[in-house]
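Notes follow the structure.
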Amino acid sequence: MTSQTLTRSTDASQPLVPLLEERWSPRSYDETATLSDASFDAVLEAARWAPSAMNLQPRRFVAGRRGTETFRKINDNLLGFNAAWAFRASALVVGIVETVNEAGEELRYAEYDLGQSLAALTVQAHAEGLHVHQMAGIDVEGLRAAFGLSERFLPFTVTAVGTVADPSQLDEKAAEREVAPRTRLPLDEVVLVKE
């Protein structure tokens with residue numbers, strides 16, 4: 001592994017805290033790296049303590065480490081390109097939205113709350129020396145069936161968690177993307193009004 005494969009900084013227009021400056025989403029994971037109980041609990045605890053609209057906390061998670069039945073079930077429900085690399089991650093975490101409460105009332109901000117939780121999980125993972133990659137290419141009904149989730153609970157994303165590895169284990173196109181410069185829209189395109 002080279003430092004280039006481990007660290008990819010931004011070209012941010014303003015200084016950022018290091019955890020945000022260095023965060024990126026690899027696809028190349030070390031399939032021999034293990035995730036300690038303490039680190040796994042810490043990333044999930046960060047997700048638990050993320051902000052929540054009205055403190056309703058309409059987010060749930062299914063989390064499995066590589067080598068477990070839970071990991072296998074999650075991995076079996078990844079679609080397309082995700083299935084080609086995510087199996088090497090140390091853990092996979094399904095982010096689930098609680099769409100309605102037990103009384104059948106819509107939980108309008110559930111997707112936003114899940115996003116906040118996964119952002120917190122991401123930052124904590126980076127603080128633990130780990131990297132994450134969030135995926136939307138999932139078989140929603142397959143995950144729902146695999147974990148016996150009721151219609152109230154919508155599998156929304158899967159997040160790979162692990163230790164970054166050299167991109168040479170990926171196919172050529174994926175390896176190129178792994179070391180390509182990080183890009184974002186310019187700030188003046190993202191912020192529509194600023195006074």
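The values are calculated or read from the model by the stated rules, or taken from the named source; none is laboratory data. It should be emphasised that the depicted structure is a prediction, and the values quoted were computed from it without experimental measurement. Areas reflect the complete protein model, heavy atoms only, side chains present, ligands, DNA and RNA absent. Shrake-Rupley method; radii C 1.70, N 1.55, O 1.52, S 1.80 Å.
Translational D (Stokes-Einstein, µm²/s) of the range 143-195 at 10 °C and 1.306 mPa s when Rh comes from the Kirkwood sum over C-alpha pairs? Rounded to a whole number, D works out at 100 µm²/s. The smallest convex shape that holds all Cα atoms of the range 66-156, its convex hull, gives 100 Å³ per residue. For the chain, the convex hull spanned by the alpha carbon atoms encloses 143 Å³ per residue. Accessible surface calculations at 1.4 Å, restricted to protein heavy atoms, place the chain at 56 Å² per residue. Just checking the listed ones, GLN134, GLN169, GLN57: in the Gaussian network model of the chain with Cα springs under 10 Å, the one fluctuating most is GLN169.
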